[in-house]
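The values are calculated or read from the model by the stated rules, or taken from the named source; none is laboratory data. Since we're looking at a predicted model, the values are computed, not measured. All Cβ positions, even for glycine, are placed from backbone atoms using ideal geometry, and neighbour counts span all protein chains on display.
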Amino acid sequence: MAGAAPPGLQRRIGLFGATASGVGIILGAGIYVLVGEAAGLAGNGVWLAFLVSALLVAGTSLSYAELTSMLPEAGAASTYAQIAFGRRAGFVTGWMDVSENAIAAPAVALGFSSYLATLTGWDGTVIAIGLLACCAVIVLAGVSQTIGFATVFALIEASGLIVVIVVGLPHLGDVNLFEVHGGAQGLLGASALVFFAYIGFEEMASLSEEVKDPTRNIPRAMLAAAAISTLLYMLVAAVAVSVVPWERLAEADGPLALVTRMAISDRAADTLSLMALFATFNTVLLILATGPRVMYGMARRGMLPPALGTVWAARGTPSVAILITTAVAMAFALTGDIGFVAQVSNFAVFTLFVMVNGAVIWLRQRRPELVRPFRIRPSVGPAPLPAVIGLAGALGLAAFMDRTALVVGLGALAVGGVLSFILVPKRDGTT
């Protein structure tokens with residue numbers, strides 16, 4: 001019918017589904033794959049690296065919760081930065097958010113391929129490309145289908161981590177868990193790496209236009225997912241180095257499968273590898289679900305071409321954005337280096353966290369009249385303390401990144417800055 005409004009996203013997700021999606025995104029390659037590489041940096045103290053990263057996540061998750069309750073839009077961090085700092089800042093933030101998803105998806109897909117390759121002997125890059133294609137089909141089918149898969153897979157992947165914890169608990173105390181290889185630099189380097197394990201909780205904000213009562217349910221789901229994941233991460237890391245010497249763990253392609261093999265049997269290790277497949281599959285699935293919704297939100301606010309803001313009416317999904325994100329992710333998967341890809345993805349996340357925490361602090365001072373259904377406490381003067389901690393933590397951990405990855409990340413940021421002057425008209429930041 002002439003003049004009819006274009007189809008938009010529909011609210012079909014409840015609190016449980018939102019929390020399950022958050023857990024599903026967070027639990028994945030970070031713990032199933034990168035715990036070994038992190039152990040090579042921090043030794044027996046690798047569990048402390050997860051704690052350090054969790055402190056940053058805690059402050060930033062509260063900032064996301066406050067902003068999401070105020071502005072429940074799919075654009076998420078891009079929208080928050082636009083309201084606080086203007087349209088060009090919003091574009092650059094969205095650019096880094098989209099870049100993170102385009103890079104994180106292949107990184108986790110490579111984690112998936114490392115586990116499946118050990119079971120089948122197939123080529124890892126081909127496996128990663130196939131996984132991305134499979135997930136794209138599910139995401140295109142609809143948000144209800146995606147959340148259905150995510151919920152089941154989240155339960156399976158959490159079960160895999162619980163198995164590792166149970167078989168490793170008798171070995172706790174066999175090593176000194178406070179012995180940090182490499183000292184403070186090794187611990188912070190490991191923290192910067194395993195921060196990738198927490199990537200995902202911020203993407204829950206991009207589901208705001210599809211969650212029922214988002215001003216209440218998104219903040220609750222975000223905090224619950226981060227808390228559940230942190231507890232599992234710390235316990236798994238502690239038992240892993242208790243069962244397997246950290247030097248050997250650092251060299252393993254499937255570190256948690258190795259833990260299970262040494263604690264029980266080869267058959268149990270194969271079972272754990274299978275659970276790891278569900279974990280990494282789920283993370284890729286949800287990244288490909290949430291990332292394109294950021295593009296959709298940016299397009300709806302005039303920061304990207306209108307075509308990216310279209311929704312496939314029959315399925316209720318941002319199909320153009322999904323297809324473009326998947327194509328870029330496949331290109332990155334061809335690099336085959338999960339550690340490097342994870343570090344570049346981390347830089348994008350650190351950038352987002354600086355903008356999001358900065359937006360909370362700025363809006364508290366400049367826009368105190370805005371309604372905040374969820375409000376961070378405590379505050380130091382006008383600045384909420386968790387946001388200050390999150391901001392400082394993001395800047396601090398970025399300093400311990402791999403230097404090559406840091407240069408690539410800065411290059412992506414510079415490209416976003418240039419594009420903002422080309423693509424974004426100069427208008428008031430509140431429009």
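Could you list, in sequence order, the residues of region 250-260 that are under 15 Å from Ser273 (Cα atoms) and in contact with a Leu (Cβ under 9 Å, 6 or more places away or on another chain)? Can you show your working first?
So in region 250-260, the residues under 15 Å from Ser273 (Cα atoms) come out as 252-260.
Ala252, Gly254, Pro255, Leu256, Ala257, Leu258, Val259, Thr260 - these are the residues of region 250-260 that are under 15 Å from Ser273 (Cα atoms) and in contact with a Leu (Cβ under 9 Å, 6 or more places away or on another chain).
For every residue, the table says whether it meets (1) over 30 Å from Gln185 (Cβ atoms); (2) within 14 Å of the chain's Cα centre (by Cα); (3) hydrophobic (A, V, I, L, M, F, W, C).
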| position | (1), (2), (3) |
| --- | --- |
| Ser21 | yes, yes, no |
| Ile25 | no, yes, yes |
| Leu67 | yes, no, yes |
| Gly94 | yes, no, no |
| Ala107 | no, yes, yes |
| Ser114 | no, no, no |
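What number of residues in region 149-184 are small (Gly, Ala, Ser), in a helix (DSSP H, G or I) and surrounded by 15 or more Cβ atoms within 10 Å (Cβ to Cβ)? Let's see the steps before the verdict.
So in region 149-184, the residues small (Gly, Ala, Ser) come out as 150, 154, 158-160, 168, 173, 182-184.
Now restrict to residues that are in a helix (DSSP H, G or I): 150, 154, 158-160, 168, 183-184.
Add one more test, that the residue is surrounded by 15 or more Cβ atoms within 10 Å (Cβ to Cβ), and what stays is 150, 154, 158, 160, 168.
Qualifying residue count for the region: 5.
Among helices (runs of 4 or more DSSP H) entirely within region 207-320, having at least 1 residues that are over 22 Å from Ala104 (Cβ atoms) and either modelled with pLDDT under 85 or of a type in the set (Val, Ile, Thr) (or both) singles out 214-243, 255-263, 266-300. For region 135-148, taking the residues that are over 13 Å from Gly24 (Cβ atoms) and free of Cβ contacts under 8 Å to residues at least 40 places away in the same chain, the one that is surrounded by the fewest Cβ atoms within 10 Å (Cβ to Cβ) is identified as Val137. Checked against (1) crowded, with 21+ Cβ neighbours inside 10 Å; (2) in contact with a Lys or Arg (Cβ under 8 Å, 6 or more places away or on another chain), Met275 passes all but a single condition, namely (2).
Results for (1) under 19 Å from Glu73 (Cα atoms); (2) in contact (Cβ under 8 Å) with a residue 24 or more places away in the chain, shown as yes or no for each residue.
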position	(1), (2)
Leu288	yes, yes
Pro292	yes, yes
Ala299	yes, no
Ser319	yes, yes
Ala348	no, yes
Thr351	no, yes
Trp362	no, yes
Val371	yes, yes
Ile376	no, yes
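The rows are residues; the columns are (1) over 27 Å from Val356 (Cα atoms); (2) in contact with a helix residue (DSSP H, G or I) (Cβ under 6 Å, 6 or more places away or on another chain).
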site: Leu161; (1), (2): yes, yes
site: Val164; (1), (2): yes, yes
site: Pro170; (1), (2): yes, no
site: Gly173; (1), (2): yes, no
site: Phe195; (1), (2): no, yes
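For region 72-127, how many residues meet the condition of being outside any helix (DSSP H, G or I) and without any contact (Cβ under 8 Å) to a residue 24 or more places away in the chain? Give the steps one after another, and end with the answer.
Taking region 72-127 and keeping what is outside any helix (DSSP H, G or I), we get 72-76, 86, 121-123.
If we keep only those that are without any contact (Cβ under 8 Å) to a residue 24 or more places away in the chain too, we end up with 121-123.
Residues in region 72-127 being outside any helix (DSSP H, G or I) and without any contact (Cβ under 8 Å) to a residue 24 or more places away in the chain: 3 in total.
Of the residues in region 190-203, none is in a helix (DSSP H, G or I), free of Cβ contacts under 8 Å to residues at least 60 places away in the same chain and within 26 Å of Trp246 (Cβ to Cβ). Of all the numbered requirements in (1) within 30 Å of Thr317 (Cβ to Cβ); (2) buried (at least 20 other Cβ atoms within 10 Å of the Cβ); (3) among the hydrophobic types (A, V, I, L, M, F, W, C), Ala263 misses one, and that requirement is (1).
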